[in-house]
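Input: a single structure, listed below in structure tokens.
What follows draws every value from the coordinates through simple rules; no lab data is involved. Nothing here was measured: the structure is a model prediction, and the numbers come from that model. Virtual Cβ from ideal backbone geometry, glycine too; neighbours counted across all protein chains shown.
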Amino acid sequence: MKKITIILMVLGLMLITSCEDFLDVKPSNYAASETSITNAADAKVAINGLMRKMTSSSYYGRNFVIYGDAKGGDFAIRSQGRGLDYYYSFNHSATSGSGSGFWEQIYNCILQANNLIMNIEMMEAEDRGSAALSEYKGMALTARALMYFDLVRLYGKMYNMEKSSYGVPLVLEPLDASAQPTRASVEEIYTQVLSDLTAAAPLLSKKKANGYINYYANKAIEARVHLFMDNFSASLAAAEEVINSGVYSLYSNDAWVGSWATQFGSESIFELGVYPAEGDLRTGSLGYYLLRLGKVTGAMGWFMASDYWIDRMNQDPTDIRWAVMDYDESSDTRFGSCLKYVGGSSMNGDKASASAVNIKVIRLSEMYLIAAEAALKLPTSDKARAAGYLNQIRKRSPGLAEATEETVTADMILDEKSKEFFAEGLRYFDMLRLNKTIEFNDEFIYPAVVITHREKTLDRTFYKTILPIDKGEIDANPAIGSQQNPGY
């Protein structure tokens, strides 16, 4: 795959970090060199660089998060042409709106992880391993698992839909410049994801690791992956291990509001650091994309909440999660603008910047809702257990009655997940996984936004629910040409 191998040939380690102590680490100048990582200090630089690259605008820094809500029915747009609206309109083709930035950026990150793993394994083979190197290897393996999980959901069908269909190329070691890897199946990608997580788990610390991946981040990812595989027993076990660890704790309602202005809080299992001098996208940041037009200079009103999400929230006007919402540009009464990624209503971020705000990739509340769904869907449903986990998050809506063994449903859990994780990129993938019909809110503003590339409702049988392989990638790697996604 020429594009991927070109990245590898020129790849240098990022010498800026997602954590603040990177200056204490000896730099390593060329990641593709077999001798570039020779000790634990070099490996730390590599991990710092990897975490930093995951905050790119083409990945967790903005686009991947927006993609997960813009396409899932929880977002609406005020006007087309402001940026990334092709996610919402499904205006995808192999030559335009292909989302190629996901492919290029995530594979770039995978190649960095591969290089780090390879170099550490070389040192281990030479009896030069150490506990620190093992931990960095565990981080790289876990990051690679997450990245392949993300890629296969972007470009492949859901595991529980057609696991034998095409996933993405599986690249686990540096490639020769002439290599042209083809697509592995969805099932093969999931198998590798679980293999990496299993191999990494015993290498990782069980202590909280701000800005890094620890053992419980690994288990949280495992809980997600098993949920997508409908392996509810394994998903529940992984989620409960995180919940019962005592390392993390749920916020009180008041603290939940303040958590968006706080780095590495008690619920944060995996959080990527973004600093004013490192990865700050400024007016192109995730937070700015969610502000209403004209809220501050540079805010263009890209995305707002749909009526469907607002109706869900209106079940309880006292829901604490209203506190991170603001008026959107459609009216002076509609709370559709999200302030999570500017630090809440103060807009001071989590370090006195409205744009350089950390990305909370995995929070403890997700583990409770995964546990609730998994318990409900066990071969012998445990409804009491499901209701108990759901109520721990449902208490953020104090005006709603608690769920009980008699009243708890899968839709109740899904609705709670929508409310809790609005603008955090989970909704679309859940809707596809659950084979739900997605309805878009195109007409609540006047004049209505006219969408021509999809219908008002769709489900996962619509071919554009997965992205095309970009034509540039196919031109560079003809071997993949016959494996384009159907319909493109």
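Below are the figures for this structure:
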{"item": "Kyte-Doolittle at least -0.5, axis length at least 30 Å by Cα - qualifying DSSP helices, the chain", "result": "100-125, 131-155"}
{"item": "Per-peptide average of other Cβ atoms within 10 Å, ordering 472-480, 209-217 highest first", "result": "209-217, 472-480"}
{"item": "Rg/Rh ratio calculated on Cα atoms of the chain (Kirkwood radius)", "result": "0.95"}
{"item": "Expected 222 nm ellipticity per residue - DSSP helices of 4 or more, -39500 (n - 2.57), all of the chain, to 500", "result": "-12500 deg cm²/dmol"}
{"item": "Electrostatic dipole magnitude of the stretch 337-424 [Cβ: Lys, Arg +1; Asp, Glu -1; Cα centre; debye, to 20]", "result": "320"}
{"item": "The stretch 389-488 - Kirkwood radius from inverse mean 1/r over Cα pairs (Å)", "result": "17.1"}
{"item": "All-pairs alpha carbon distance profile, the stretch 77-125, 5 Å steps from 0, percent", "result": "5, 17, 16, 13, 12, 9, 8, 7, 6, 5, 2, 0"}
{"item": "Ellipsoid semi-axes in whole angstrom, largest first, where each is sqrt(5λ) of the Cα gyration tensor of the stretch 278-410", "result": "33, 18, 12"}
{"item": "Test item: Cα-centred dipole of the chain, Lys/Arg +1 and Asp/Glu -1 on Cβ, debye", "result": "440"}
{"item": "Net charge over other residues, Cβ less than 11 angstrom from the Cβ of residue 70 (K, R count +1; D, E count -1)", "result": "-1"}
{"item": "Given 206/340; 157/219; 53/464; 53/419; 219/295, the pairs whose alpha carbons are separated by over 31 Å", "result": "219/295"}
{"item": "Space enclosed by the convex hull of the alpha-carbon atoms of the stretch 386-432, per residue, Å³", "result": "71"}
{"item": "Net dipole in debye of the stretch 101-151 [+1 Lys, Arg Cβ; -1 Asp, Glu Cβ; about Cα centre; nearest 20]", "result": "80"}
